[in-house]
1. Please go through (1) modelled with pLDDT of 90 or more; (2) surrounded by 13 or more Cβ atoms within 10 Å (Cβ to Cβ); (3) in contact with a strand residue (DSSP E or B) (Cβ under 7 Å, 6 or more places away or on another chain) for Ile101 and return the number of the only condition it doesn't satisfy.
2. Within region 146-175, take every residue that is in contact (Cβ under 8 Å) with a residue 40 or more places away in the chain and touching a Leu at 6+ places or on another chain (Cβ under 7 Å) and give me the one that is nearest to Lys17 (Cα to Cα).
3. Listed residues Gly154, Gly129; which is of a type outside the set (A, V, I, L, M), surrounded by 14 or more Cβ atoms within 10 Å (Cβ to Cβ), at negative phi and within 14 Å of the chain's Cα centre (by Cα)?
4. Any idea how many residues of region 142-190 are assigned to a loop (DSSP other than H, G, I, E, B) and small (Gly, Ala, Ser)?
Amino acid sequence: MIKRLIARLFLFLAGWKVRVPKDADFSRCVMLAAPHTSNWDYPYAQAACWILGIKWRYFIKDSYTKNPLVGWFFRATGAIGVDRSRRKKGEKRGQLIEYAIQTFAKKNELVVLVPAEGTRKRVDKWKTGFYHIALGANVPIALGFMDYGKKETGVLDVFMPTGDFQKDMHHIQEQYRPITPKFPEDYNTEIY
């Protein structure tokens, strides 16, 4: 209750609004975070999630979550530590995708937040692990957004991936095309 009040006050003072699709279910999904061009994305996104009652989690190297000085902070903000040192020689990056799918299999409620670009800098293509996680775990993709032009944050759409990668990525791209990031020069809407 206190978190919601703080979040509402913060967004009100900043002049921001929260927008979500009617009757959207956020209890079990991969939530895409885009565009991600600024550190300010985090407080606006966190405030929106507090208002909506979304307890999102994110994957990070377990060295951060086990760190005696800052581990408590990462765990408190939803971090799930991943031991990447156990990756076998020659093994592809898919280990994190498989780990995420297994994590979904163990949880009735789970929202995993994935930054689409993987960085705040401009990229040629988005990371597509979010898609493969959602498809493999049979959960929907929620399109989280930050629109600095309209001062809106929230979720654009929630949909089940069809398995038709091109079609689904085109849908995602069209949803994000009108969104204005804080630093437009660092954002690429051509995602695949």
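The values are calculated or read from the model by the stated rules, or taken from the named source; none is laboratory data. Only a predicted model underlies this, so the values are computations on that prediction, with no experimental measurement involved. Virtual Cβ from ideal backbone geometry, glycine too; neighbours counted across all protein chains shown.
1. (3)
2. Val155
3. Details: Gly154 fails: at negative phi.
Of the residues listed, the single one that is of a type outside the set (A, V, I, L, M), surrounded by 14 or more Cβ atoms within 10 Å (Cβ to Cβ), at negative phi and within 14 Å of the chain's Cα centre (by Cα) is Gly129.
4. Number satisfying all stated conditions: 2.
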